[in-house]
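Undergrad: Input: one structure, supplied below.
The values are calculated or read from the model by the stated rules, or taken from the named source; none is laboratory data. On a predicted model such as this, the values are computed, not experimentally measured, just so you know. Counting neighbours? That spans all protein chains shown, and the Cβs are built from the backbone with ideal geometry, glycine included. Calculation scope for accessible area: heavy atoms of the full protein, side chains included, ligands and nucleic acids excluded. Shrake-Rupley method; radii C 1.70, N 1.55, O 1.52, S 1.80 Å.
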Amino acid sequence: MMKKLLILLLLLPTIQFAQCLSDTKVIYEYRDQIILNDGLAYKVLEEKHFYQISDPSIAQHQEVGDLVLRLNRVLILWSEELDKTKRLIEWVRPSQTYYLCTDFKADTVVANKL
């Protein structure tokens, strides 16, 4: 029984990690903290869900191969180590996720009304 439990515990993170289709992956997320696959911890400054997004530069649907994913949320992240702000866009489908992480400037919030 312990062997089966050990195998399950080792494979569970691998299964969840494999469902992400993009190069950017969220390793850990809790309340206002996110750790991406670059190994840095980011603080969530702002989180907007799909119905709150009015920025035309963010696509409502994203095609990845044969799949069409729907916009789920946009996160504005800040890294204390880099003193840098990033924008993380998340598109989802029932069992798949696609992330796009770009550098973010504060003046684009006013211009695009994010």
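Undergrad: Among (1) in contact with a strand residue (DSSP E or B) (Cβ under 7 Å, 6 or more places away or on another chain); (2) open to solvent by 40 Å² or more (accessible area, probe 1.4 Å); (3) closer than 22 Å to residue 96 by Cβ; (4) at pLDDT 90 or above, there is one condition residue 63 misses while meeting the rest; what is its number?
TA: The single condition residue 63 does not satisfy is (1).
Undergrad: If you take the residues of region 1-33 that are surrounded by 10 or more Cβ atoms within 10 Å (Cβ to Cβ) and polar (S, T, N, Q), which of them is modelled with the lowest pLDDT?
TA: Top of the filtered list is 16.
Undergrad: Of (1) part of a loop (DSSP other than H, G, I, E, B); (2) at pLDDT 90 or above; (3) surrounded by 11 or more Cβ atoms within 10 Å (Cβ to Cβ), residue 81 satisfies all except one. Which?
TA: (3)
Undergrad: Kindly evaluate residue 57 against the criterion of being assigned to a loop (DSSP other than H, G, I, E, B) and modelled with pLDDT under 85.
TA: Criteria not met by residue 57.
Undergrad: Another question about this same structure. Report yes if residue 75 is surrounded by 12 or more Cβ atoms within 10 Å (Cβ to Cβ) and in contact (Cβ under 8 Å) with a residue 12 or more places away in the chain, otherwise no.
TA: yes
Undergrad: Oh, and also: Have a look at 36, 45 and point out the one that is within 22 Å of residue 84 (Cα to Cα), surrounded by 12 or more Cβ atoms within 10 Å (Cβ to Cβ) and under 12 Å from the mean Cα position of the chain (by Cα).
TA: The unique qualifying residue is 36.
Undergrad: Going by the structure shown, is residue 95 at pLDDT below 90, open to solvent by less than 50 Å² (accessible area, probe 1.4 Å) and of a type in the set (S, T, N, Q)?
TA: no
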